[in-house]
Amino acid sequence: MKKTFVLALILITAASLFAMGAKEDADYSVLNPVKVRVAALKGPTAMGMVKLMEDDGEGSVNGNSYEFTVVGAPTEITPMLVKGEVDIAALPANLAAVIYNNTKGKVKVLAVNTLGVLYICENGNSVSSIEDLKGKTIYSSGKGSSPEYALDYILEQNGLSDLPIEWKSEHAECVAALLNDPDAVALLPQPFATTAIMKNPSIRIALDLNKEWDKVSPESALLTGVVVARTEFVEKEGAAVEKFLEEYGKSTAWVNENVAESSLMIGNLGIVTAQVAEKALPYCNIVCITGPEMKERLSGYLEVLYNANAKSVGGVLPGEDFYY
């Protein structure tokens, strides 16, 4: 009887000590969160983060403490990553490959966060298929980046590579040209396509480039944005990276499921207005794809870009260590 009692006492004491240790670890994680500096672009690449941004405003999230920066152009994010001023960034998929190649592997891609957001828009009702683009001028911005490479690839695969494309510096110029030229169409990304339609009800979405890409390249997918992290940060703070991915996945799911509420958050954060966000979100294809599926989709997309124009991915395809 005594032996049984002593054994039970030992087991209870050990369990208590284990529980105290676990609680101390949890308390330490909360009291000493890892600071994670995150940057994203205004638009879809930042929209999926808004719930995480909101939750972080109430304190550390799952042991991480976040510092968010939202900028207007990819050129602002690149030096921030290279200089180590941010740890994680959401940016264009091909730019991630370029940075990886230019820095000799100093970034890793964590997730695909935005599928295609490019749409052919017109001022009328003459375009219902890719073949209907014959004889039209295409206005677009984004030369030297994903819009150019995706558009060129789709046109080439459909035998339309000779269509005239006029490149503008801003989306607003494309809309103005579209309104002034009855034989023109414009390639516009979300949420700008929605903004243009709200201001000019005669404009409509004619073609979804996601669907057109799938028709000519079913083995890959049209992607817009990814989330990357500095390799040094991943190696030093692996647990924090895992926590970020967990919370970011929850945030993107919540944004897609709660469009009205998330639109208000997006508006309050100055990403786009709440009115535009609510109409555009269903077309923004916000996701959080990680692991083998992320690698399969992204590597297939980058291979298509590489075959079309090696410079679009930095000259060579990224190595295996590019994928987290």
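The values are calculated or read from the model by the stated rules, or taken from the named source; none is laboratory data. Please read all numbers here as calculations on a predicted model, not as lab measurements. Note that each Cβ is placed from the backbone with ideal geometry, even for glycine, and that neighbours are counted across all protein chains shown. For accessibility, only protein heavy atoms count, side chains too; no ligands or nucleic acids. Shrake-Rupley method; radii C 1.70, N 1.55, O 1.52, S 1.80 Å.
Ordered from largest to smallest accessible area (heavy atoms of protein chains, 1.4 Å probe), the residues ASP214, ASP55, ASP162 come out as ASP162, ASP214, ASP55.
Taking the helices alone, the chain has a mean residue ellipticity at 222 nm of -15000 deg cm²/dmol, built from -39,500 (n - 2.57) per DSSP H run of at least 4 residues and averaged over all its residues.
How many percent of DSSP beta bridges within the chain run antiparallel, rounded to 5?
The answer is about 55 percent antiparallel.
Restricting things to alpha carbons, find the Rg to Rh ratio for region 230-307 using the Kirkwood radius for Rh. Please list the in-between numbers first.
Working: Rg = 15.8 Å, Rh = 14.7 Å.
Expressed as Rg/Rh, it is 1.07.
Could you work out what % of the accessible surface of region 170-298 is carbon and sulfur, using a 1.4 angstrom probe and leaving DNA, RNA and ligands out of the count? Carbon and sulfur together cover 51 percent of it. Average accessible surface for region 189-240: 43 Å² per residue, computed with a 1.4 Å probe over protein heavy atoms with every protein chain in place. Pairs from the list LYS42/LYS106; LYS83/LYS211; LYS168/LYS250; LYS136/LYS295; LYS104/LYS168 with a Cα-Cα gap above 29 Å: LYS83/LYS211; LYS168/LYS250; LYS136/LYS295; LYS104/LYS168.
Neighbours of THR78, meaning other residues whose beta-carbon lies under 14 angstrom from its beta-carbon, give a summed charge of +1 when Lys and Arg score +1 and Asp and Glu score -1.
Once C-alpha pairs closer than 8 Å and six or more residues apart are averaged by separation and normalised to the residue number of region 52-183, the relative contact order reads 18 percent. Using just the C-alpha positions of region 131-236 as equal point scatterers, what log10 of I(q)/I(0) does the Debye formula give at each q in 0.25 1/Å? At q = 0.25 Å⁻¹ the computed log10 ratios are -1.56. Principal-axis analysis of the Cα atoms of the chain puts helix 171-180 at an angle of about 30° to the longest axis.
Dipole of region 44-154, Cα-centred, from +1 at each Lys and Arg C-beta and -1 at each Asp and Glu C-beta, to the nearest 20 debye?
Using Cβ point charges on Lys, Arg, Asp and Glu, region 44-154 gives about 500 debye.
In the chain, the longest principal axis of the Cα atoms and the axis of helix 238-257 are about 50 degrees apart.
Pairs of alpha-carbon atoms within less than 8 angstrom and 6+ residues apart define the contacts here; what relative contact order does the chain have, in percent? Working shown, then result.
On the way: 548 pairs, mean separation 88.7, N = 324.
Value for the chain: 27 percent.
Which aspartates and glutamates, on any chain, are close to LYS236 with Cα under 17 Å apart, when same-chain ones fewer than 8 places away are left out? Cα-Cα hits under 17 Å: GLU85, ASP87, ASP321.
From Cα pairs below 8 angstrom and at least 6 apart in sequence, can you work out the relative contact order of region 195-324, rounded to a whole percent?
Details: 70 pairs, mean separation 27.5, N = 130.
Reported relative contact order: 21 percent.
Each Lys and Arg adds +1 at its Cβ and each Asp and Glu adds -1 at its Cβ; summed about the Cα centre, the chain shows a dipole of about 640 debye. The C-alpha atoms of the chain define a longest principal axis, and helix 146-157 lies at about 60 degrees to it. For the chain, the Kirkwood estimate of hydrodynamic radius, built from reciprocal distances between every pair of different alpha carbons, is 21.3 Å.
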